[in-house]
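These notes are about the structure you will find just below.
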Amino acid sequence: MNAFDPDACLFRAELRPHRSSTLRGVHVFMWVLAVFWVPLSVLFIVIGAWPVFPFMGAEVLLLYALLRLNLRRGREVETIAVTARELCVERVSHWGKRDRWSFQPQWLQVLIENRRGRHADLLLRSHGRSLAIGRFLTVDEKVGVAERLKRVLADLRNPVPA
């Protein structure tokens, strides 16, 4: 007997932003900068331009803070799960905030809306509601996710008889 389970997960994708560095990589980069900036700062102090020293230190600290923020933003994750009854999107922000949206897959449209330049939005639209997903993905990655979702939704709407 082949029983159909409407709550079985038919498709699941986890979308994460790409980060080319790690915390260790950031620390190594900061040490390399320090090797060059500390002697330069000492030189400025020796020649009498001591006000440059605090500004260079502030720049190094600001750069480190921004690199850490960039790494933190890489922790964002969006999970897309499709069952016969719903398409569910769960987003966990880089601060840990969870949001969840649910759509009926029978009425769902998956769209790529081109914007100015080389940007596009991947939208899920149904019953007047719209949700942009994967905003951190490249245009090619958005198109790939859209095609996979359209394929899964088409299979749901037109099941192949066994």
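The values are calculated or read from the model by the stated rules, or taken from the named source; none is laboratory data. Here the structure is a predicted model, which means the values were calculated and not measured. Positions of Cβ are backbone-derived with ideal geometry, glycine not excepted, and every protein chain shown enters the neighbour counts.
Numbers below:
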quantity	calculated
Top-ranked residue in segment 98-119 [being free of Cβ contacts under 8 Å to residues at least 24 places away in the same chain and under 24 Å from Arg75 (Cβ atoms); ranked as surrounded by the fewest Cβ atoms within 10 Å (Cβ to Cβ)]	Arg98
Qualifying positions in segment 20-52 - part of a loop (DSSP other than H, G, I, E, B) and either touching a residue at least 40 places away in the same chain (Cβ under 8 Å) or within 15 Å of Tyr64 (Cβ to Cβ) (or both)	Ser21, Thr22
Positions within segment 53-97 being without any contact (Cβ under 8 Å) to a residue 24 or more places away in the chain and polar (S, T, N, Q), in sequence order	Ser93
Residue that is surrounded by 10 or more Cβ atoms within 10 Å (Cβ to Cβ), in contact with a strand residue (DSSP E or B) (Cβ under 9 Å, 6 or more places away or on another chain) and either at positive phi or outside the structural domain of Lys142 (by TED's automatic domain parsing) (or both), where the choices are Arg16, Arg91	Arg16
Segment 62-91, residues that are in a helix (DSSP H, G or I) and among the acidic types (Asp, Glu)	none
Scan of segment 126-137 for residues that are surrounded by 13 or more Cβ atoms within 10 Å (Cβ to Cβ), free of Cβ contacts under 8 Å to residues at least 60 places away in the same chain and farther than 13 Å from Val89 by Cα, ordered by number	Ser126, Arg135
Single residue of segment 47-99 satisfying the filter (of a type in the set (Phe, Trp, Tyr) and under 18 Å from Leu23 (Cα atoms)) that is modelled with the highest pLDDT	Tyr64
Filter result for Leu23 (under 28 Å from Thr138 (Cα atoms) and either outside the structural domain of Arg135 (by TED's automatic domain parsing) or under 23 Å from the mean Cα position of the chain (by Cα) (or both))	yes
Some residue of segment 107-117 being acidic (Asp, Glu) and modelled with pLDDT under 90	yes
